[in-house]
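This report concerns only the one structure given below.
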Amino acid sequence: MLKARPARANNFMKLKLHGCAMLLGPLMTAAVARADPLLNVNYRALVSAADLNYTNPVTRAEAGQPVGNGRMGSLVWTTPAALKFQINRDDVFAMNSDTHSFPARHSDYMAACGCVDINFLQYGPDVFAGRAFNQHLSVYDGLESVKGRGVTVRVLAWPQEDVMAVEIDDQRRQPQPVTIDLRMLRYEMEYFSGRNFQLAANHAVMVRRRNQTAASRLDIRQGRILLTQEFAEGNYYDSSALAIAVVGRKSQARYLNDSTVQLAAAPGRGKFVILISSAASFNQVENSVNRAMTQLDHAQATRFNGLVAGTEDWWHDFWSGGFVALHGAGGGADFVGRNYTYFLYLMGASSRGDYPPRFGGMLWNVTGGMQEWGSQFWWNNMDCYYGGLMPANRPALCDPLFKMYFGMFDACARAAREVWHSKGIYIPETGFFNGPENLPPAIAVEMGQLYSLQKPWADRSPAFMRYAATKNPHNSLWNWIGNGSWVDGTWTIKGRRAGPHGPVVGLFHSGAKIAFLFWEHYEFTQDKTWLRDRAYPMLKGIAEFYRNYPGTKMGADGKWHIHNVNNSEGIWGGTDSQEDISAMRGIFPAAIRASRILNVDPGLRAKWESFLANLAPLPTNAKGQWVVARPPTVHGNPNMPGLTPAIYYGLCTVSTTNSAMLQSANATYDVIRNDQRWWRSASANASTTNSSASGFNPQTAVSVLSPIATIAAHLGRGADLRYILPNQIRCLRPQGDFCDWGGSGKAGVLANRMTLREGPGDICAERLGRVARGVNDGLLQSAPPMPGGDPLITVFPAWPAQWDAAFTLLARGAFVVSSARVNGTIPFIQIRSQAGCPCRLTNPWPGAHVTLFRNGKPSDTLSGAILAFPTQKGETIALAPEGRKPSPITIPES
């Protein structure tokens, strides 16, 4: 019997078990969203703790509140007289990888469709100011509300179609016209032979950048206002459309100036609605326009209350998929829990389209598409968002990521052949949405010779250099390019004085991490169709790339070694990088297991097994601690410690039985944890943070990108998570961590819990994604003892002793697992089997016999360190210490 804690201040959720009240966290009133046999969760109460509530207007647009439907979205912010939006989409790209028009760093752009200003005032007292002001985002309902003097506004993004709806309730004594300005993002007067008059007559503006054109056009149709964009370069084309209508109030449309079209609603008291729709198309712009107009029709027919109902239903169902509830003295656990929930909101609001939101900007850019680092995708940054979504039981949020990377499969296969003289697929660390470019044959041949070191770098041709001068140097294929500048009217590039090497040129392991995420999707869902059609081709492609890469060679020791590779961005041209050896030790077992499940490629499987059996070990120093590479290297210190095997591929987790692996992992972790020199090492290393003292404490500054929370959890270091998780959220040392601290306004964590870590325009939530994965790993792990093996579920493998927690998360084997830990005691585990797989569970009650309940009745008595039992698809099973029947846990209002 668990003992009741004394009551604490404030309201708390109570877990009721055997008549004892166990305090877990703050509560608000609401109905229970979903009831499981042993876990009834008040989702409204739990989720609403993550709401944003502003009692003062924000002083910068980047601090606005995010509203999105997963495909389109905007921050919502105010000025004294207006409500403001910049509408963004995840499928709007101004260029693709074939571009020759953006050779300068940070010059390419994406996502932004147009700016919308809803103006409430021409003259008189400010509307959104003073005591009357309040801005509130309900993350449970997906509904934004803004209050001002005499005005109340509700904003939503409709999940069913790409429409944002704004309901205005104007109760001012003397209402003024409400005007909606739809503004272009690019305006420049430029001469185009024979076209300028027609452009002006069509209310259009065209901006040329080298070979690329960006055309923006204003329009008025059926009393609605529109803004279209068309991006073209060579054979590439993309378009977007915004359309706005007023419903419930007379309105008048007019062209306000060359860059703005306006819809004015007549003055009056009461409610009316503004509908904002968006669409994009890689075909004709009329496709985008027609889609946007049709969506307005559908939203208008649904009416605002129907849009509210549909939005709330979608979000309520989203939240019922799983949860994490945390509580502890001092508020640190509660703080982490709120940010965990908020991160899931951000992903639900931005990751449901055909493409993922880019790591910087997401759907929340407010600078017209301008953002540091441009429009390309860096996997190391994207990984922050997607590494923890499947354990959170939100696998569908990974779909846009999978669509994008699988969609570039053929381009990646071509790059593997042409650039790296290998087989399989090469997925670049940094690249455009459509994958590696289609190189001219002569350039492809020379690039392959140069990058494989068959041709001396000094012998590169003038044609190659002329071509390179047109390419964006952030891209992995061209990242040997350093700075560029205009010299006598010619864009001139300089290398990094390291030959064909650069931070992301020979960086292959990102492709392995992406492919392994495809494999994990299978592990978590047991979807064999997915395995056959998606995961296995990716695993096979990466395995074959590594096996056939010219730099993979048999050494004198009889082991396969890999040469001329990067370890993250800090090691260039190294040997046996920790990242690549880890990747191969993860990818090959997964590919072997997948081929067995599918009963395909037996001959290839035998080659993979032989390769894996003779693969070089992870690089270590004389003390047996892991280091990032073996010398020599072209750039970087190979003797720095690194912990990649404790992050990815399930190589080193609480399930691991390889004692040597665990010993090296813990020894390396202790070096990094306790020697503050390594806290200040390059951010490319897996564990970097910054600290003024050894170990972890309330002042330890954890960098935004650091996966140290997952490392600590995988090594069972729950005590460290007590400081790592809240400190990473708080960004204790942003001036040493952010890419452009001054240019971003020296702002740390913004009011909307996001940051500008990546620089101006690059609003992001990377650290929240890292924390979410760390929380998941601290509460539940299910990796097999070795890659390619059978999963082993462990609850609370690494959780701070001072923190109470309850959760519903997803484990490998398609098991939905629910449990709680209060005062250090785990009352039960509940497992819902979605695929009918056999279940293996680490006994959370060491030394005790465990009763297994089926249909609420005792079924079996289990014992031992590992509890193994069969399941049936759709079955819910509970486990508890022998002699104790699990009682339903509720989380009611205190």
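The values are calculated or read from the model by the stated rules, or taken from the named source; none is laboratory data. In this text the structure is predicted, and so the values were computed from the model without any measurement. All Cβ positions, glycine included, derive from the backbone under ideal geometry; neighbour counts span all protein chains shown. Surface areas here come from the heavy atoms of the whole protein model, side chains and all, with no ligands, DNA or RNA. Shrake-Rupley method; radii C 1.70, N 1.55, O 1.52, S 1.80 Å.
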Worksheet item: Residue check: is VAL816 surrounded by fewer than 20 Cβ atoms within 10 Å (Cβ to Cβ) and among the β-branched types (Val, Ile, Thr)?
Response: yes
Practice prompt. For the stretch 821-894, please list each of the strands (runs of 3 or more DSSP E) lying entirely inside it that holds at least 3 residues being among the aliphatic types (A, V, I, L, M).
Written response: 866-869, 876-881
Discussion item. Can you pull out every residue in the stretch 158-171 that is surrounded by 18 or more Cβ atoms within 10 Å (Cβ to Cβ) and either in contact with a helix residue (DSSP H, G or I) (Cβ under 7 Å, 6 or more places away or on another chain) or outside any strand (DSSP E or B) (or both)?
Written reply: TRP158, PRO159, GLU161, ASP162, VAL163, ALA165, GLU167
Discussion item. Just to verify a result, which residue in the stretch 178-189, among those that are in a loop (DSSP other than H, G, I, E, B) and open to solvent by 50 Å² or more (accessible area, probe 1.4 Å), is farthest from ALA94 (Cα to Cα)?
Written reply: MET189
Discussion item. If I ask for residues that are open to solvent by less than 10 Å² (accessible area, probe 1.4 Å) and within 19 Å of SER74 (Cβ to Cβ), which ones from the stretch 719-757 would you list?
Written reply: ASN752, MET754, THR755, LEU756
Worksheet entry | Residues located in the stretch 433-454, provided they are open to solvent by 20 Å² or more (accessible area, probe 1.4 Å) and among the hydroxyl-bearing types (Ser, Thr, Tyr) | SER452
Fill in: Which numbered condition LEU218 fails, given (1) free of Cβ contacts under 8 Å to residues at least 60 places away in the same chain; (2) within 17 Å of TYR187 (Cα to Cα); (3) open to solvent by 10 Å² or more (accessible area, probe 1.4 Å)
(3)
Worksheet entry | Failed criterion for GLY424 (all others in (1) in a helix (DSSP H, G or I); (2) open to solvent by 10 Å² or more (accessible area, probe 1.4 Å) hold) | (1)
Response to the item:
Note: among ALA512, ALA543, ALA498, just one is over 31 Å from the mean Cα position of the chain (by Cα) and either under 16 Å from SER452 (Cβ atoms) or small (Gly, Ala, Ser) (or both), namely ALA498
Practice prompt. Taking ASN566 as meeting all but one of (1) open to solvent by less than 20 Å² (accessible area, probe 1.4 Å); (2) farther than 29 Å from TYR386 by Cβ; (3) not hydrophobic (A, V, I, L, M, F, W, C), write down the number of the exception.
Written response: (2)
Item to complete: Would you check which residues across the stretch 854-879 are crowded, with 17+ Cβ neighbours inside 10 Å and within 18 Å of ASN40 (Cα to Cα) and list them?
Response: THR876, ILE877, ALA878, LEU879
Worksheet, complete the sentence: If we ask which residues in the stretch 387-417 are under 17 Å from ASN434 (Cα atoms) and of a type outside the set (Lys, Arg), their number turns out to be 16
Worksheet item: In the stretch 190-215, what residues are open to solvent by 80 Å² or more (accessible area, probe 1.4 Å) and under 24 Å from GLN86 (Cβ atoms)?
Response: ARG208, ARG209
Discussion item. For a quick check of your reading: which strands (runs of 3 or more DSSP E) sit entirely within the stretch 224-299 and have at least 1 residues that are under 30 Å from LYS471 (Cβ atoms) and within 32 Å of the chain's Cα centre (by Cα)?
Written reply: 224-233, 236-247, 270-281
Discussion item. I'd like to check something: does the stretch 289-305 contain any residue that is surrounded by 18 or more Cβ atoms within 10 Å (Cβ to Cβ), under 28 Å from ASN196 (Cβ atoms), in contact (Cβ under 8 Å) with a residue 40 or more places away in the chain and not hydrophobic (A, V, I, L, M, F, W, C)?
Written reply: no
Item to complete: Kindly provide the set of residues from the stretch 838-894 that are hydroxyl-bearing (Ser, Thr, Tyr) and under 23 Å from ALA814 (Cα atoms), ordered by number.
Response: THR842, THR851, SER859, THR871, THR876
